[in-house]
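The values are calculated or read from the model by the stated rules, or taken from the named source; none is laboratory data. Predicted model only: the values in this text are computed from it and were never measured. Virtual Cβ from ideal backbone geometry, glycine too; neighbours counted across all protein chains shown. For the accessible areas, the whole protein counts, side chains as well, though only heavy atoms, and no ligand, DNA or RNA atoms are used. Shrake-Rupley method; radii C 1.70, N 1.55, O 1.52, S 1.80 Å.
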Amino acid sequence: MRYAVGCVLPYTVKSPTTMILNLEPMRGEQQRVRSERFTVTPSVDSEPHEARETGNFYRRLVLQPGDYEIRYEGEIELTP
């Protein structure tokens, strides 16, 4: 089975902020990410990290004051 997943998160940052996000689907034997896109507007670099013991995927962002839109879109395939 395939699923389309996604979210859009608007943020207003008042002071310099480090943000850790857990938006992306875990990876594992029965769950495969077929395609995905992660964007931050305005553009900001992110540091990806995968917790190998759980398959969870995190992103670290350092944001300066301002308005941001964080978006994730993905296509996930599940197998029994």
For the chain, the dipole about the Cα centre with charges only on Cβ (Lys and Arg +1, Asp and Glu -1), to the nearest 20 debye, works out at 40 debye
May I ask for the longest run of the chain untouched by GluC sites (Glu not before Pro) that are loop-located per DSSP and have at most 15 neighbouring C-beta atoms (other than their own) within 10 Å? 1-28
Log entry: pair-distance distribution for the chain, C-alpha pairs binned every 10 Å from zero, whole % per bin is 17, 47, 27, 9, 1
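Return the equivalent ellipsoid semi-axes of the range 34-80 as a descending list in whole Å, where each equals the square root of 5 times an eigenvalue of the C-alpha gyration tensor.
Numbers: eigenvalues 126, 43, 9 Å².
Here the semi-axes work out to 25, 15, 7 Å.
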Whole-number accessible area per residue in Å² for the chain, which is evaluated in the context of all protein chains at 1.4 Å: 69 Å²
Given a 1.4 angstrom probe, I'd like the percentage of the accessible area of the chain that is carbon and sulfur, rounded to a whole number. 49 percent
Once the other residues with Cβ under 15 Å from the Cβ of T79 are scored (Lys, Arg +1; Asp, Glu -1), what is the net sum? +1
